[in-house]
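Notes follow the structure.
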Amino acid sequence: MKYDAVIIGAGVTGCAAARELSRYELKILVIDRESDVCEGTSKANSAIIHAGFDAEPGTLKAQLNVKGNAMMTALAGELDIPFRRVGAMVVCYEESELPKLGELLSRGERNGVEGLKILGRDEALALEPNLADDVYAALYAPTSGIVCPFEMTLAFAENAYRNGAEFMLSAEVTGIEKTADGFTVNTTKGTVEADCVINCAGVYADKIHDMICEHSFSITPRRGEYLLLDKNAGKTVSRTIFQLPTKMGKGILVSPTAHGNLLLGPTAEDTDDREFTATTREGLDSVKKKSALSVKNIPYGQVITSFSGLRATGSTHDFIIREDDKVKGFIDAAGIESPGLTSAPAIALYIRDIVSGIIPLKEKADFDPVRKGIPKLASMPAEERAELIKQRPDYGQIVCRCEQISEGEILDSIERPLGATTLDGVKRRVRAGMGRCQAGFCSPKVIDMLAEKQGISYGGVKKNG
Amino acid sequence: MAEKTALAIIGGGPAGLAAAAAAYDCGIRDITVFERDNGLGGILNQCIHNGFGLHTFGEELTGPEYAARFIEKVRERGINCETGSMVLSISPDREITVVSKAKGLRVIKADAVVLAMGCRERPRGALNIPGFRPQGIYTAGTAQKLVNCEGYLPGKEVVILGSGDIGLIMARRMTLEGAHVKAVAELMPYSGGLKRNIVQCLDDYGIPLLLSHTVVDIKGKRKLEGVTIAEVDGTGTPIAGTEQYYECDTLLLSCGLIPENELSLTAGIKINGMTNGPEVDDRLTTSAEGIFACGNVLHVHDLVDFVSEEAERAGRNAARFITGEGAKKNSPDIHRLIAGNGVRYTVPCTVDTANTDGELHIRFRVRNVYKGCRITVSADSGVIVSKKKRITVPSEMEDVIIKPDMLAAVAGDITVSIEEESV
């Protein structure tokens, strides 16, 4: 089977690239070693659409961050992604730190970030009454936002699929070879041929690169631990609260999530273990301690879960998005650490431009840019919800009581294209099991539905992988 | 136009069923029980072990048998039960939004409401156990449902964290199903469950109970491979060097139950920080007029028999409220109940001595293990009741019953306290 483009990695970068390329007359395949999309860094991060004041002006990060941020409003509408432009603050604790806030502001302005301003303590408190007592001032960034990273990734994937992109999951790439007119990509599920290969392999991007190219960069996973709090704590802050980076390291953010929970984190610890997504006692303790520096009244007793993710930190400290000098047709999208999620839509455009230099791109006449998500009954106006239940009574049968997710929504998550095959897959698509009881009550029923729909045994249903 | 019902009961488990039957027996006919599951009986349906009903029926029943007795009572009385119906919110003036497959989304106005939603288990995330998040970690109640209702044994090599009653019951259950339960680790220096369950579920099967121990790491990225257990000091902090690795494919958590009061919050009901349940008076009225609470949504009980008794009182008082016999507001004889020395909380929080609901049942839990102690209930007017106890433990609910005539002369706040007496 010969593809125009094979994308390695079904995280947000790979899926965004697939969706962008699916606008054109191209045969596209996305390969991932996991059984679902969004199983790596894309599922465990801060879920922030950054404004873009953090990145060094002139870098690819700065450019793609600001561009990606600007694309989000339209994209969220087109692809039905939960996204809210809630704004963000970077707080500092003393007068002597004001110049650093000023630096961030001017850096942001040079990057093209709009609306940045410095707020005094009183102005900041008026917006965020729970800021810690010793907050001195804040940089305010109104364009910062929060997003559901699962649905963002899934939306790209589903829309790419809708427009003809293929997905080969549970397939690990074991080798890549150059052929006379392209590449052979060997996977644990067989071999595919491609004119061009796009490496979106996250923390493994250097390994994939080195399979066929000369070693030119390395990826060091940087582990970040997070705490997620109950929705009852979700209004502790209304915006994302960052801390000014200090000698002690980058601070911990406190943020509402797109679904109304409160998120604290991340820690930052380099590791050489690319699978080390465990949390540690020290890490979780440090998240608690440091979050309390910027925000008071965080009800730590309402933590419902903790998790950790690996950022794909590249040795160049900028995104590495380019066609290899020597191996023509091999494109890296590597070192996609923060602000990778924000930049994903812009990275996809950047990749498209590179691809257009390799393969002539011709727009599809029937490209459909719109993706409709699974209806979210719990957050719907009552009349709309009542009407929908009349049409589909199983939307009235609640299975996940904490998040009020119905049997119908869970069924949708399993039955739709690229549907869920695992408990975590259902959870990421419709939030069943994402609430305060963490799947205690709903998992037996969800397992039952997954088993029946896939024709497998009850015990054969997996949590993940 | 909203539908109406005289009495809405939220939850068709043991509390809701007993409240419904009691309200009916007080003359209320227009009663609706809303149950989110597709059948009545609540969590009792998965509790297939025996030991239920000793107090209520003087015999040992299984959970489903105990539930069946109350389901029968409700059926005999022709009480309307809507199963598969999830209540989404309750307004302070008792407008109930409910959704179901059969009837869609509705708003129902009730004259009185009894909250009987029960409780949920504390999940792993709330325990802050570090490590990976693999398949194989379940709360004990979820495992109980998998084994007893779905016929699926989640694993063969088991470690249990927490010695709550469901965890102890599941230690025995998993053993009987052929699994090997390696240990039960308990953070506290005392068990979280009933003494009889320690004996019948652990001791009888040679399962070690490791007091003052906790899980400090979880190994296995996709599937659970093992857990590390360490001893903890007096503050609950793991002691370095005491770590021990247990290979296992299943970790059950039985680390406490949390009354499920998200609905109560939608009605603006005041919640007691100690019980995580509504603050109630001696008639089990919450801070919202006409809304009553009983069973595990009010405070976590050890025995279903006590849930039934409490729920019957809630049902009776809801009926009295509907028929206009409710307590007068701002009565001068409302006394606060204070959790004094060694007492974590009391239910109720207030009592109207001029307008009592018969005997006053004070239920409470102690903060620690007390041996050779005395429980005293006193007010400004002096000691009301004082009784000796050989031992009290946090895992067993205590109760004191005060006769109406002893309440008549009470002045000031009523304090429940416990003192250890020198032997």
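The values are calculated or read from the model by the stated rules, or taken from the named source; none is laboratory data. Fair warning: this is a prediction, and the values are worked out from it, not measured in the lab. All Cβ positions, even for glycine, are placed from backbone atoms using ideal geometry, and neighbour counts span all protein chains on display. Accessible surface areas use protein heavy atoms only, side chains included; no ligands, DNA or RNA. Shrake-Rupley method; radii C 1.70, N 1.55, O 1.52, S 1.80 Å.
With an 8 Å Cα cut-off and a minimum separation of 6 or more residues, compute the relative contact order for the stretch A:317-358 in percent. Let's see the in-between values first.
Details: 37 pairs, mean separation 16.1, N = 42.
In percent, rounded to a whole number, it is 38.
Pick from B:410, B:377, B:199 the residue whose mean-square fluctuation is largest in a GNM of chain B, springs joining Cα atoms under 10 Å.
Among B:410, B:377, B:199, the largest mean-square fluctuation in the Gaussian network model of chain B belongs to B:199.
Sketch the reach of a paramagnetic label on residue B:325 as a point 7 Å from Cα along Cα-to-Cβ, and name the residues of the stretch B:349-374 whose backbone nitrogen lies under 20 Å away.
Under 20 Å, as judged by backbone N against the label point of residue B:325, lie B:351-361 of the stretch B:349-374.
Give the distance, in whole Å, between the Cα centre of the stretch A:321-388 and the Cα centre of the stretch A:123-173.
Taking the Cα centre of the stretch A:123-173 as reference, the centre of the stretch A:321-388 is 14 Å away.
Could you please state, rounded to a whole Å, how far the C-alpha centre of the stretch B:99-147 is from the C-alpha centre of the stretch A:214-274?
The stretch B:99-147 and the stretch A:214-274 have Cα centres separated by 28 Å.
Please check the stretch A:436-465 for residues whose accessible area, probe 1.4 Å, is lower by 30 Å² or more when all protein chains are in place than in their chain alone.
Going by heavy-atom accessible area, the residues of the stretch A:436-465 that drop by at least 30 Å² are A:436, A:437, A:440, A:441, A:444, A:458, A:459, A:463, A:464.
Taking 24 Å as the cut-off for C-alpha to C-alpha distance, list the pairs among B:270/B:403; B:182/B:219; A:235/B:145; A:235/B:103 that go past it. Present the calculation step by step, with values, prior to reporting the outcome.
On the way: B:270/B:403 28 Å; B:182/B:219 16 Å; A:235/B:145 34 Å; A:235/B:103 33 Å.
Violating the 24 Å limit, Cα to Cα: B:270/B:403; A:235/B:145; A:235/B:103.
Using a 10 Å Cβ count of at most 13 others and DSSP loop calls, identify the longest part of chain A lacking such GluC sites (Glu not before Pro).
A:276-465
Please sort by residue number the trypsin sites (Lys or Arg not before Pro) in the stretch A:279-346 whose DSSP state is loop and whose Cβ has at most 13 other Cβ atoms within 10 Å.
On the way: sites: A:281, A:288, A:289, A:290, A:296, A:311, A:322, A:326, A:328; in loops: A:296, A:326, A:328.
Filter output for the stretch A:279-346: A:326, A:328.
To the nearest 10 square angstrom, how much accessible area does residue A:449 have with a 1.4 angstrom probe?
Number for this one is 10 Å².
Expressed as a whole number of Å, what is the distance separating the alpha-carbon centroids of the stretch B:335-413 and the stretch A:411-436?
Answer, in whole Å: 49.
Once B and A are treated as a pair rather than alone, how much accessible area drops out, both sides summed, in Å² to 100, probe 1.4 Å?
Counting protein atoms only, the buried area is about 3600 Å².
Per residue, how many Å² of accessible area does the stretch A:120-222 show with a 1.4 Å probe? Walk me through the intermediate numbers first.
Values: 3790 Å² over 103 residues.
Heavy-atom SASA per residue in the stretch A:120-222 reads 37 Å².
Please sort by residue number the chymotrypsin sites (Phe, Trp or Tyr not before Pro) in the stretch B:343-375 whose DSSP state is loop and whose Cβ has at most 15 other Cβ atoms within 10 Å.
Sparse-neighbourhood loop chymotrypsin sites (Phe, Trp or Tyr not before Pro): none present.
Sorted from largest down, what three extents in whole angstroms do the Cα atoms of chain B have along their principal axes?
63, 61, 38
In Å², and per residue, what accessible area does chain B have when probed at 1.4 Å with the other protein chains present?
Working: 16710 Å² over 423 residues.
Accessible area per residue: 40 Å².
For A:305-311, what's the mean count of beta carbons from other chains sitting within 10 Å of each residue's beta carbon?
Partner Cβ neighbours, averaged per residue: 3.
Based on DSSP H assignment, which helices of chain A show an axial Cα extent of at least 15 Å together with a mean Kyte-Doolittle hydropathy greater than or equal to -1.0?
In chain A, the long hydrophobic H runs are A:60-79, A:98-111, A:149-162, A:281-294, A:340-356, A:443-454.
Might you list the cysteines of chain A that have no disulfide-compatible partner by the rule of another cysteine's Cβ under 4.7 Å?
A:15, A:38, A:92, A:148, A:196, A:200, A:213, A:402, A:437
Can you pull the percent of the protein assembly as shown's accessible area that's carbon plus sulfur, 1.4 Å probe, other chains left in place?
49
Where does chain B land at 222 nm, in deg cm²/dmol rounded to the nearest 500, when only DSSP H runs of n ≥ 4 count, each adding -39500 (n - 2.57), divided by all residues?
-5500 deg cm²/dmol
Using a cut-off of 22 Å between alpha-carbon atoms, which lysines can reach residue A:364, once sequence neighbours fewer than 8 places away in the same chain are excluded?
A:2, A:27, A:372
Could you pull out the GluC sites (Glu not before Pro) across the stretch B:54-109 that fall in loop regions by DSSP (anything but H, G, I, E, B) with no more than 13 other Cβ atoms inside 10 Å?
B:59, B:60
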